[in-house]
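K.L.:
Take a look at this one; I'll ask things after.
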Amino acid sequence: LAFAWDTAKRMEAETHIDENGTKFYTLHGPLFFGSIHSFKQLFDARNDPQDVVIDFADTRVCDHSGLEAIDAVAERYLNAGKTLHIKHLSPECRELLTKAGNLVEVNVIEDPKYHIADDRLA
């Protein structure tokens, strides 16, 4: 049981910088109350380049804590004067984000569809 919990709360990211100087974070693992600490530690708004893309294609946001973590990371990039783009979030995630909602790039063909455990949708 402890191994399952430790594995579930671990978020990982592959990163690369493209020819235009944009840094890409491709996330892996679920984003929920148990993984928000490791999620937030993946990003370095102060030292990242001007343009940053966070790709959630291989990540599922499971609860409201995950949404708050995305908003917190978005606020860090905003405060650092950086441009942040968020890709591959579900329609519910986009609807529930407060600060980062306008940063989400919508692609209805590629974006996943799943539900989030949140009181506001009940």
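The values are calculated or read from the model by the stated rules, or taken from the named source; none is laboratory data. Worth saying up front: this structure is predicted, and the values here are computed from it rather than measured. Using ideal geometry, Cβ is built from the backbone for each residue, glycine included, and neighbour counts are taken over all protein chains shown.
K.L.:
Quick one: Pro112 ticks every box in (1) modelled with pLDDT of 90 or more; (2) touching a His at 6+ places or on another chain (Cβ under 7 Å); (3) more than 21 Å from Asn20 (Cβ to Cβ); (4) not small (Gly, Ala, Ser) bar one, so which box is it?
P.N.:
In the conditions (1) modelled with pLDDT of 90 or more; (2) touching a His at 6+ places or on another chain (Cβ under 7 Å); (3) more than 21 Å from Asn20 (Cβ to Cβ); (4) not small (Gly, Ala, Ser), Pro112 misses (1) alone.
K.L.:
While we're looking at this one, here's another question. Which condition from (1) at pLDDT 95 or above; (2) over 22 Å from Arg10 (Cβ atoms); (3) touching a strand residue (DSSP E or B) at 6+ places or on another chain (Cβ under 9 Å) is the one that Leu42 breaks?
P.N.:
(2)
K.L.:
Evaluate region 46-54: report whether one residue or more is at pLDDT below 95 and among the polar types (S, T, N, Q).
P.N.:
No: region 46-54 contains no residue that is at pLDDT below 95 and among the polar types (S, T, N, Q).
K.L.:
Do we have Phe43 as assigned to a loop (DSSP other than H, G, I, E, B), under 11 Å from the mean Cα position of the chain (by Cα) and not basic (Lys, Arg) here? Give the steps one after another, and end with the answer.
P.N.:
Working: assigned to a loop (DSSP other than H, G, I, E, B): yes; under 11 Å from the mean Cα position of the chain (by Cα): yes; not basic (Lys, Arg): yes.
Judged against the criteria, Phe43 is a match.
K.L.:
Would you point out the residue of region 46-95, among those that are out of contact with any Phe, Trp or Tyr (no Cβ under 7 Å at 6 or more places or on another chain), outside any helix (DSSP H, G or I) and of a type in the set (Lys, Arg), that is farthest from Phe24 (Cα to Cα)?
P.N.:
Ranking the candidates gives Arg46 first.
K.L.:
Looking only at region 11-35, which residues are surrounded by fewer than 18 Cβ atoms within 10 Å (Cβ to Cβ), among the polar types (S, T, N, Q), touching a residue at least 24 places away in the same chain (Cβ under 8 Å) and in a strand (DSSP E or B)?
P.N.:
Correct list: empty.
K.L.:
Go through region 73-102 and give me each residue that's in contact with a helix residue (DSSP H, G or I) (Cβ under 8 Å, 6 or more places away or on another chain) and farther than 16 Å from Phe56 by Cα.
P.N.:
Residues satisfying the conditions are Thr83, Thr98, Lys99.
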